[in-house]
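The values are calculated or read from the model by the stated rules, or taken from the named source; none is laboratory data. Note that the structure is a prediction, hence the values are computed from the model and not measured. Here Cβ is always computed from backbone atoms with ideal geometry, including for glycine, and neighbour counts include all displayed protein chains.
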Amino acid sequence: MAGAHRSLAHLQGGAGRYRRDVCPFGGLADAADPAGWAELDLLLEGHSVALITSPESVPAGWEISFAIEGVQMIGTGLLDAEDPEVVALGDVDVADMLDLIERAQPGPFLDRTIEMGNYIGLRREGALIAMAGERLHPDGWTEISAVCTDHAYRSTGLGTRLVRAVAAGIRARGEEPFLHASATNVNAIRLYQAIGFELRRRVDFTGVRRDRPAH
């Protein structure tokens, strides 16, 4: 958040969060520092949930709303490839993108998530049937995210094509692709491994919020 996405986030001391219509992720420079949690509380304005990665614990006065077991994978052996059929997606496509996200449920995607990076898609007879794009952007790396395909077109290789095309754009900038997947989505993990990704580490996504007594 303090790097390429600085304009999309709110930062305070050792805490940060993306703008609410961009991404639900928050972050702490040091999850063991109580001051960071206090700063995150201020950024959340007392009522929002932040999605953070793998905290060992949360301090008193905070609660875990949910936890998702995940894995992080890096595209070490991924063969990127440009695809002449893909189209760039922009602001005019957001309604179609949100509609596909609602049907395919790949994970959080909001009205301004498209501002986090480049997004591409495939259309059939004008309808958006598959998409993928870029999300988190730590120095030297870009996350491939929102990989999804309409149910009627699944198992036809569209997702693989889009992942490789997104990766081609990432590597053209001199960066490396990575992605996250649910640890329980064994089929997706096997597919990513088959096209050249390898497991890097376990990452749990944890929703936290300030536990405030009712008045």
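Reported count of residues in region 116-142, each being of a type outside the set (Lys, Arg) and in a strand (DSSP E or B), is 14. Of 145, 57, all but one fail to be in the same structural domain as residue 17 (by TED's automatic domain parsing) and either exposed (fewer than 14 other Cβ atoms within 10 Å of the Cβ) or not in a loop (DSSP other than H, G, I, E, B) (or both); the exception is 57. Here is a list: 133, 121. Which entry is under 11 Å from the mean Cα position of the chain (by Cα), buried (at least 18 other Cβ atoms within 10 Å of the Cβ) and under 23 Å from residue 191 (Cα atoms)? Result: 133 is the single residue among 133, 121 that is under 11 Å from the mean Cα position of the chain (by Cα), buried (at least 18 other Cβ atoms within 10 Å of the Cβ) and under 23 Å from residue 191 (Cα atoms). Is there a residue being in contact with a strand residue (DSSP E or B) (Cβ under 7 Å, 6 or more places away or on another chain), assigned to a helix (DSSP H, G or I) and among the hydroxyl-bearing types (Ser, Thr, Tyr) anywhere in region 165-182? No, that holds for no residue.
Of the candidates 28, 44, 51, the single residue that is within 25 Å of residue 116 (Cβ to Cβ) and without any contact (Cβ under 8 Å) to a residue 60 or more places away in the chain is 28.
Taken together, 88, 95 contain a single residue that is assigned to a strand (DSSP E or B) and in the same structural domain as residue 125 (by TED's automatic domain parsing), which is 88. Within region 25-52, the set of residues being surrounded by 18 or more Cβ atoms within 10 Å (Cβ to Cβ) and either under 14 Å from the mean Cα position of the chain (by Cα) or under 17 Å from residue 111 (Cβ atoms) (or both) comprises 25, 26, 27, 50, 51, 52. A count restricted to region 10-46 and to residues that are in a loop (DSSP other than H, G, I, E, B), basic (Lys, Arg) and in contact with a strand residue (DSSP E or B) (Cβ under 7 Å, 6 or more places away or on another chain) stands at 1. Against the conditions (1) surrounded by fewer than 17 Cβ atoms within 10 Å (Cβ to Cβ); (2) in contact (Cβ under 8 Å) with a residue 60 or more places away in the chain; (3) part of a helix (DSSP H, G or I), residue 161 satisfies every one except (1).
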